[in-house]
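*Asks:* Provided herewith is a single structure, encoded as structure tokens, for subsequent inquiry.
Here, each number is a calculation from the coordinates, and none is a lab measurement. If you're wondering where the values come from, they're calculated on a predicted model, not measured in any experiment. Positions of Cβ are generated from backbone atoms using ideal geometry, with glycine treated the same way; all protein chains shown enter the neighbour counts.
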Amino acid sequence: MIVKEEFLSKLRRYFLLNLYEVKIWTALLSRGVATAGELSDIANVPRSRSYDVLESLERKGFVIMKLGKPIKYIAVPPSEVLERVKKNVKEEADERMTRLTDLKNTDVLTELNQLHNQGIELVEPADLSGSLRGRHNLYSHLELTIRNAEKSVTIMTTAEGLLRKVEGLKSVFEKLKKHGVSIRIAAPLNKDTKDAFKDMSSIAEIRATDSKARFCIVDGKELVFMILDDQEVHPTYDVGIWVNTPFFASAMEGLFDSAWKNMHTMKQ
């Protein structure tokens, strides 16, 4: 049996199997019913490992052990395997979510926070900064920073950036508003962002600007700014800088305040 490595790699990712498991499974699919020894030869897997692999596949619902001697294995239809994997993944995810949620009420999180607070006291202000590579990582950190806002969130972004923030961060903004956090957003107003302006107008103060900049200031002390034009860079190569410095952040917010006075809102 010859199966391309690329195909095996896809199966490993989709079905969460190791290399031996995916080799034995595809070998059994090609035969329907076979012994461990036969599958070992077909899949080029050490015979000493084939029994352990088949036992693992049986637990995961990929194969069924046929009664009799010699012991043979039957392949479960792939469509049924897919449903079983989906069910297992969901159950495992739900279990992990429950454990993580319960962790909030334990001494473990309290001790972790104490360790973090002790460590922060030893950190120089200049060290509270970092580079964020890739738009996914950038927005994950941006969401974390914004979610912890207590007083204000100030954002200047591009048209594309506004659409991304409405899609990914609107629920965060809504929660902040309920807690009395002031939210200001400056972005280009055009036919593409018109609906986004309307959508955000009930949550934040939003004004139009032609300036090309991408940054976010939280509580006048934390700043996340993007150093590349999002129209010219692939999301994978987008880069942002995070700094926790009231001096720089408040200076940037002062410049924003001056520009904010000259910006206009969307006409109703």
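*Asks:* Rg to Rh for region 14-83: what is it, with Cα atoms only and Rh by Kirkwood?
*Replies:* That ratio equals 0.92.
*Asks:* Enter the per residue convex hull volume of the chain, computed from alpha-carbon coordinates, in Å³ rounded to the nearest integer.
*Replies:* 212 Å³
*Asks:* Between Leu109 and Thr35, what is 0.36 nm times their sequence separation minus the Cα-Cα distance? Round to one decimal in nm.
*Replies:* Full extension of this stretch gives 21.7 nm more.
*Asks:* Sticking with this one: When Leu39, Leu109, Leu100, Leu132 are ordered from fewest to most other Cβ atoms inside 10 Å of their Cβ, what list results?
*Replies:* The fewest-first ordering by Cβ neighbours comes to Leu100, Leu109, Leu132, Leu39.
*Asks:* Which of rounded, prolate or oblate describes region 127-260 when judged by the alpha-carbon gyration tensor and an a/c cut-off of 1.5?
*Replies:* Since a/c stays below 1.5, the shape of region 127-260 is classed as rounded.
*Asks:* Label points 7 Å out from Cα along the Cβ direction at Phe248 and Lys178: separation in nm?
*Replies:* 3.4 nm
*Asks:* If the reach is capped at under 15 angstrom between alpha carbons, list the aspartates and glutamates near Lys151, excluding any in the same chain fewer than eight residues apart.
*Replies:* The reachable aspartates and glutamates, counting only those whose Cα sits under 15 Å from Lys151, are Glu174, Glu205, Asp219, Glu222, Glu253.
*Asks:* Still on this structure: Between Tyr51 and Ser201, 0.36 nm times their residue separation minus their Cα-Cα distance comes to what?
*Replies:* So the chain would gain 47.7 nm between Tyr51 and Ser201.
*Asks:* What is the sum of charges, Lys and Arg at +1 and Asp and Glu at -1, for the other residues whose Cβ falls under 13 Å from the Cβ of Arg214?
*Replies:* -1
*Asks:* Within a 10 angstrom radius of the beta carbon, how do Glu222, Glu92 rank from fewest other beta carbons to most?
*Replies:* Glu92, Glu222
*Asks:* Given a Förster distance of 41 angstrom, what is the FRET efficiency for Asn148 paired with Leu82, based on the Cβ-Cβ distance and rounded to 0.05?
*Replies:* That gives a FRET efficiency of 0.55.
*Asks:* Can you tell me the order of 144-156, 61-73, 4-16 when each peptide is scored by its average per-residue count of other Cβ atoms within 10 angstrom, highest first?
*Replies:* Packing order, densest peptide first, comes out as 144-156, 61-73, 4-16.
*Asks:* Per DSSP H run of at least 4 residues, take -39500 (n - 2.57); add these up for the chain, divide by its residues and hand me the 222 nm value, nearest 500 deg cm²/dmol.
*Replies:* -17000 deg cm²/dmol
*Asks:* Which lysines, on any chain, are close to Lys60 with Cα under 30 Å apart, when same-chain ones fewer than 8 places away are left out?
*Replies:* Partners within reach: Lys4, Lys10, Lys23, Lys69, Lys72, Lys86, Lys87, Lys90.
*Asks:* While we're on this one: How long is the gain from Ile241 to Arg12 if the chain were fully straight, where each residue apart is worth 0.36 nm and the alpha carbon distance is subtracted?
*Replies:* My answer for the length gained is 78.9 nm.
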